[in-house]
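Worksheet for the structure shown next.
The values are calculated or read from the model by the stated rules, or taken from the named source; none is laboratory data. Keep in mind that this is a model prediction, so the values were computed, not measured. Heads up, the Cβs are rebuilt from the backbone with ideal geometry, glycines too, and the neighbour counts pull from every protein chain shown.
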Amino acid sequence: MIQQKLREKAKELLAKKEVDLVIGFSDWTLPLRTTPVFIRTPEGAERLVWNSFCENNLAAYLHKFSRLKVGLVVKGCDARSVIALNLEKRFPNHPPLLIGVVCQRLVDRKKVKKAVKGEILHAVEQGDLLLVKGENFEVSLKRDDFLYSSCRSCIHRTPHQAHILIGDPVEEVSLVEAHPDVDEFERKSSEERWKFFEKETSRCLRCYACREACPMCYCGECFVDNSRPKWIEKSLSPSDLAFYHIVRAYHQTGRCSGCGACERACPMDIRLTYLTQKLNQEVKDLYGFETGIQPEAAPPLSTFDPEDHQEFIK
Amino acid sequence: MKLKLDKKDVENFLKGLIEGYDLYAPAQLTEGVSVFKKIDRPEEVNLTQPVTQKPAKEAFFPQSEVMFRYEEAGNRGQVISAEQTKRDRILLGARPCDIEAISIIEKVFTGEDYTDVYFLEKRKKTTIIGLGCNHPLSTCFCSSTGGGPFHRAGSDLFFTDLGEAYFVELLTEKGTAFRENKFFKEADPKDLALLKELEDKAFQKVDGSVPVEGIEKRLDLMIESPFWDSIHEKCIGCGVCTFLCPTCHCFDMTDEAVNLKGQRVRNWDSCLFPIYSLETSGHNPRPTGRERTRQRLMHKFNYFPKNFGRVACVGCGRCILYCPVQFDIREALLYASARRAKGLKGKSR
């Protein structure tokens with residue numbers, strides 16, 4: 001139903017030449033996944049799909065296609081990234097046209113894989129269930145037990161500021177009281193926190209998939225790539241890994257929509273969102289600001305107000 | 001002679017290897033994430049993951065390696081050699097694709113024009129114990145690239161998991177040196193029959209239809225093809241596919257120095273990073289994802305076969321499995337071979 005409507009809308013936009021390009025999701029070769037797809041003709045809209053495996057934040061592609069008028073398929077979190085990018089005046093000439101889809105929360109493919117023995121060859125959603133098949137097994141799982149933690153704690157499933165909205169707006173509630181990963185992290189002592197952080201980052205390859213998957217990481221030259229001056233070494237020493245991960249997270253402060261695309265992109269299953277979500281929480285507590293909710297509110301870390309909290313200055 | 005190693009003896013067998021050698025084998029860093037690392041305790045070894053995240057090339061070509069150190073000595077500089085590879089090594093549990101890849105990298109590091117001592121020292125001192133793939137994944141296509149789930153070339157010994165035991169084959173001189181290992185027993189004819197059965201079953205599972213043959217010639221005509229304009233679109237330009245690739249071998253050298261002391265380190269590099277081809281002048285001959293994606297595929301399927309006589313892909317499927325946006329190299333090969341990619345779409349394979 002949603003998928004059909006999505007295809008119709010995309011087809012219409014392309015036929016009327018309101019956009020040059022629609023970026024959305026399509027089925028591809030792996031189960032529990034979709035792939036980003038770039039559609040330029042009305043007929044091509046048939047390739048679009050919508051399901052709980054649409055895990056990428058497609059706003060990351062806007063930088064690459066900033067010369068085109070793009071129709072972008074967005075979930076609630078992705079729309080927030082676009083609003084944050086607009087606040088940073090990223091696309092003054094061609095602001096993207098948002099095709100918002102009310103999100104049903106996404107399925108964590110890594111969690112599903114851990115729940116079965118053997119390779120998953122086929123997976124489909126059926127109502128609240130997830131039917132998963134392999135060579136020697138076939139199970140149905142409760143979809144809600146396999147959601148990404150960023151999705152479980154999400155309250156903004158309806159895309160804000162969407163030009164076209166597909167699906168009925170939903171109530172702004174989360175499935176859990178606090179972000180499960182942040183909660184778990186906060187319960188630790190500071191020594192335990194450092195140990196956890198070090199253990200996670202020790203698996204880092206510095207492939208920068210987390211950076212590239214993120215719409216907010218668009219610096220012309222990332223500090224890790226800058227050699228004049230050289231901010232950081234290129235090897236895998238714990239201090240360099242810590243440096244990269246801390247700076248990456250801090251650079252997201254007040255800018256991160258909490259979509260979790262960074263964590264999903266990591267081939268080494270490094271947990272990342274506990275840091276960025278914690279920073280989001282701090283910004284909310286200190287400045288009453290949530291990324292990508294108020295399209296006019298200035299980002300707190302880019303502005304100064306005499307009323308800002310200043311307790312940290314001793 | 002056909003041998004086997006009972007599973008109950010594996011722990012002691014590994015203990016023996018750890019005492020006598022530097023042992024490299026797959027170990028889990030966290031649930032579902034395995035890499036090849038130096039093993040200190042037998043229980044670290046995990047031979048169950050069909051495809052580890054990082055490939056076995058790390059045992060010879062680590063992601064980060066100190067080449068030499070330097071420091072001030074009097075009013076001059078002094079160069080200090082990096083640690084040598086002293087002990088003999090064992091690489092255990094590498095799959096046929098990874099072992100094939102090591103022989104591919106070897107062509108580069110031990111070529112006519114130059115010899116890489118860092119790689120060669122480790123290679124010479126290493127005995128490779130391959131492990132057959134009873135359960136290849138749907139993303140595996142080693143049979144399409146000249147290998148197979150039980151391809152034994154490059155292994156000195158070859159293990160196959162029979163359930164209660166490993167079937168053991170001694171294949172080379174280095175391998176035969178293990179004939180007297182006290183944990184190896186003579187195998188029964190029924191073990192041999194089981195091996196054959198597993199081998200046949202695995203072979204049928206692996207996709208042998210990915211069009212690799214003749215790809216070099218087709219790509220010769222494609223350097224300016226519009227194919228590259230579309231194929232790169234979804235690539236986000238991270239280094240997952242190249243870092244996890246068992247045949248990718250590009251590196252970058254940097255000096256890490258503080259005051260008058262430092263070290264020269266080489267680190268894996270990726271042709272998909274913009275700074276990979278950035279020149280000192282500021283000019284970048286591969287300015288966009290189009291040129292960089294083209295380089296990745298051309299190197300594997302055109303330049304490498306031209307230089308070394310075979311494609312630099314072993315069909316391990318890591319780049320497909322771990323790509324954040326599902327760039328599927330099989331799709332690229334299908335397109336390049338002018339066959340329609342439709343056959344792939346929507347199928348779980």
Exercise. Provide a single number: the residues in the range B:94-104 that are crowded, with 24+ Cβ neighbours inside 10 Å and small (Gly, Ala, Ser).
Key: 2
Quiz item: For the range A:15-44, how many residues meet the condition of being small (Gly, Ala, Ser) and within 20 Å of the chain's Cα centre (by Cα)?
Solution: 2
Quiz item: Quick one: in the range B:245-283, which of the residues that are of a type in the set (Val, Ile, Thr) and more than 9 Å from chain A (Cβ to nearest Cβ) is surrounded by the most Cβ atoms within 10 Å (Cβ to Cβ)?
Solution: B:Thr247
Quiz item: Within the range A:3-31, which residues are facing chain B (nearest Cβ under 10 Å), in contact with a strand residue (DSSP E or B) (Cβ under 6 Å, 6 or more places away or on another chain) and of a type outside the set (S, T, N, Q)?
Solution: A:Leu21, A:Ile23, A:Trp28, A:Pro31
Quiz prompt | Residue match in the range A:204-224 (condition: closer than 30 Å to B:Thr288 by Cβ, among the acidic types (Asp, Glu) and either under 19 Å from the mean Cα position of the chain (by Cα) or away from chain B (no Cβ under 12 Å) (or both)) | solution = yes
Quiz item: Are there any pairs with C-beta distances below 9 angstrom linking a residue in the range A:94-118 that is farther than 18 Å from A:Gly260 by Cβ and within 14 Å of chain B (Cβ to nearest Cβ) to a residue that is in a strand (DSSP E or B) and of a type in the set (A, V, I, L, M, F, W, C), with the two at least 6 apart or on different chains, and if so which?
Solution: A:Ala115/A:Val132; A:Ala115/A:Val139; A:Ala115/A:Leu141; A:Val116/A:Val132; A:Val116/A:Val139; A:Val116/A:Leu141
Quiz item: So which of A:Arg255, A:Arg271 is surrounded by fewer than 22 Cβ atoms within 10 Å (Cβ to Cβ), assigned by TED's automatic domain parsing to the domain that holds A:Cys151 and among the basic types (Lys, Arg)?
Solution: A:Arg271
Exercise. Enumerate the pairs (first residue in the range B:205-224 and touching a residue at least 40 places away in the same chain (Cβ under 8 Å) and within 21 Å of B:Thr293 (Cβ to Cβ); second residue anywhere and surrounded by fewer than 16 Cβ atoms within 10 Å (Cβ to Cβ) and basic (Lys, Arg)) with beta-carbon separation below 8 Å, excluding pairs fewer than 6 apart on the same chain, so at least 6 apart or on different chains.
Key: B:Pro211/B:Arg339; B:Glu216/B:Lys306
Quiz item: When only residues in the range B:106-125 that are under 29 Å from B:Ala202 (Cβ atoms) and surrounded by fewer than 21 Cβ atoms within 10 Å (Cβ to Cβ) count, which is nearest to the chain's Cα centre (by Cα)?
Solution: B:Glu106
Exercise. Give the residues of the range B:262-275 that are modelled with pLDDT of 95 or more and either outside any loop (DSSP other than H, G, I, E, B) or of a type in the set (Gly, Ala, Ser) (or both), sorted by residue number.
Key: B:Gly262, B:Gln263, B:Arg264, B:Val265, B:Arg266, B:Asn267, B:Trp268, B:Ser270
Self-check item: Close pairs (8 angstrom Cβ cut-off, 6 or more residues apart or separate chains): assigned by TED's automatic domain parsing to the domain that holds B:Pro149 in the range B:116-132, surrounded by fewer than 21 Cβ atoms within 10 Å (Cβ to Cβ) and hydroxyl-bearing (Ser, Thr, Tyr) anywhere
Solution: B:Asp116/B:Thr110; B:Phe119/B:Thr110; B:Leu120/B:Thr110; B:Glu121/B:Thr85; B:Lys122/B:Thr85; B:Arg123/B:Thr110; B:Lys125/B:Thr85; B:Thr127/B:Tyr21
Quiz prompt | Selection count, the range A:32-43, where residues are within 12 Å of chain B (Cβ to nearest Cβ) and either in contact (Cβ under 8 Å) with a residue 40 or more places away in the chain or part of a helix (DSSP H, G or I) (or both) | solution = 2
Quiz item: Checking B:Arg286 against (1) in a helix (DSSP H, G or I); (2) within 24 Å of B:Arg218 (Cβ to Cβ), which single condition isn't satisfied?
Solution: (1)
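Would you check if B:Gly208 is part of a loop (DSSP other than H, G, I, E, B) and either within 14 Å of chain A (Cβ to nearest Cβ) or in contact with a helix residue (DSSP H, G or I) (Cβ under 6 Å, 6 or more places away or on another chain) (or both)?
Working: part of a loop (DSSP other than H, G, I, E, B): yes; either within 14 Å of chain A (Cβ to nearest Cβ) or in contact with a helix residue (DSSP H, G or I) (Cβ under 6 Å, 6 or more places away or on another chain) (or both): yes.
So B:Gly208 fits the description; yes.
Just the residues that are among the basic types (Lys, Arg) and in a helix (DSSP H, G or I), please, taken from the range A:60-85.
A:Arg80
Give me the residue from the range B:24-54 that is assigned to a strand (DSSP E or B) and not hydrophobic (A, V, I, L, M, F, W, C) and, out of that set, farthest from the chain's Cα centre (by Cα).
Applying the filter and picking the extreme gives B:Thr30.
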Quiz item: Can you tell me which of A:Val116, A:Val107 is touching a strand residue (DSSP E or B) at 6+ places or on another chain (Cβ under 7 Å), crowded, with 20+ Cβ neighbours inside 10 Å and not acidic (Asp, Glu)?
Solution: A:Val107
Self-check item: Selection within the range B:229-244 - facing chain A (nearest Cβ under 7 Å) and among the β-branched types (Val, Ile, Thr)
Solution: B:Ile236, B:Val240
Quiz item: Of the residues that sit in the range B:79-105 and are farther than 18 Å from B:Gly315 by Cα and among the acidic types (Asp, Glu), which one is modelled with the highest pLDDT?
Solution: B:Asp88
Exercise. Please name all residue pairs, on different chains or six or more residues apart, with Cβ atoms under 7 Å, provided the first residue is in the range B:185-203 and is exposed (fewer than 13 other Cβ atoms within 10 Å of the Cβ) and the second residue is at pLDDT 95 or above and not small (Gly, Ala, Ser).
Key: B:Glu186/B:Leu3
